[in-house]
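Accompanying notes for the structure given below.
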Amino acid sequence: MPDVQDAMFNLSSLSGGWMDFLEKPEDADGIYSRIFSEINTRYIIGFAPTNETKGGKKRTVNIEIKNHPEYIVWGRKTYFAPLPD
C-alpha cells in the first residue's frame, strides 16, 4: 500500500493539490473544512504562449500574483509545446 500512497502523493503534488488521510472519524471535520476552504479559493487561469514554435519541447511556466508575494500559487510548472503538424 505505501507504493500506492506515494504515487497518489506525487500526483497530488504535481497537479497542485494535496493529500490527507482519514485515520479516525474525528479527523473528518478538519479534512472537510480544508477541502471546502480550498474550493472557495481556487481559480482557473487560461494561457496562450507567445512562442508559437512547435516541437514538443518542455517549457516552464511561472505564475505570480502582482504586488502580493504572500499569495501562494499552486499548479503546473511545465507544459509541452505542440508537436509539428
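The values are calculated or read from the model by the stated rules, or taken from the named source; none is laboratory data. Here the structure is a predicted model, which means the values were calculated and not measured. Using ideal geometry, Cβ is built from the backbone for each residue, glycine included, and neighbour counts are taken over all protein chains shown. To get the accessible areas, we keep the full protein, side chains included, count just its heavy atoms, and leave off ligands, DNA and RNA. Shrake-Rupley method; radii C 1.70, N 1.55, O 1.52, S 1.80 Å.
One line per residue, one yes/no per condition, for (1) polar (S, T, N, Q); (2) outside any helix (DSSP H, G or I); (3) more than 30 Å from I63 (Cα to Cα):
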| residue | (1), (2), (3) |
| --- | --- |
| A7 | no, no, no |
| E26 | no, no, yes |
| S33 | yes, no, no |
| Y43 | no, yes, no |
| G46 | no, yes, no |
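Out of all the residues in the range 35-69, which are modelled with pLDDT of 90 or more, open to solvent by less than 90 Å² (accessible area, probe 1.4 Å) and more than 24 Å from P84 (Cβ to Cβ)?
H68
Looking only at the range 19-34, which residues are open to solvent by 100 Å² or more (accessible area, probe 1.4 Å) and of a type in the set (D, E)?
Listed by number, the residues that qualify are E23, E26, D29.
Right, F80: open to solvent by 100 Å² or more (accessible area, probe 1.4 Å) and at pLDDT 90 or above or not?
yes
Using beta carbons and a limit of 9 Å, which pairs, at least six apart or on different chains, have the first residue in the range 1-18 and farther than 19 Å from I72 by Cβ and open to solvent by 90 Å² or more (accessible area, probe 1.4 Å) and the second one of a type outside the set (G, A, S) and outside any helix (DSSP H, G or I)?
M8/M19; L11/M19
If I ask for residues that are part of a loop (DSSP other than H, G, I, E, B) and in contact with a strand residue (DSSP E or B) (Cβ under 9 Å, 6 or more places away or on another chain), which ones from the range 59-85 would you list?
V61, K77, A81
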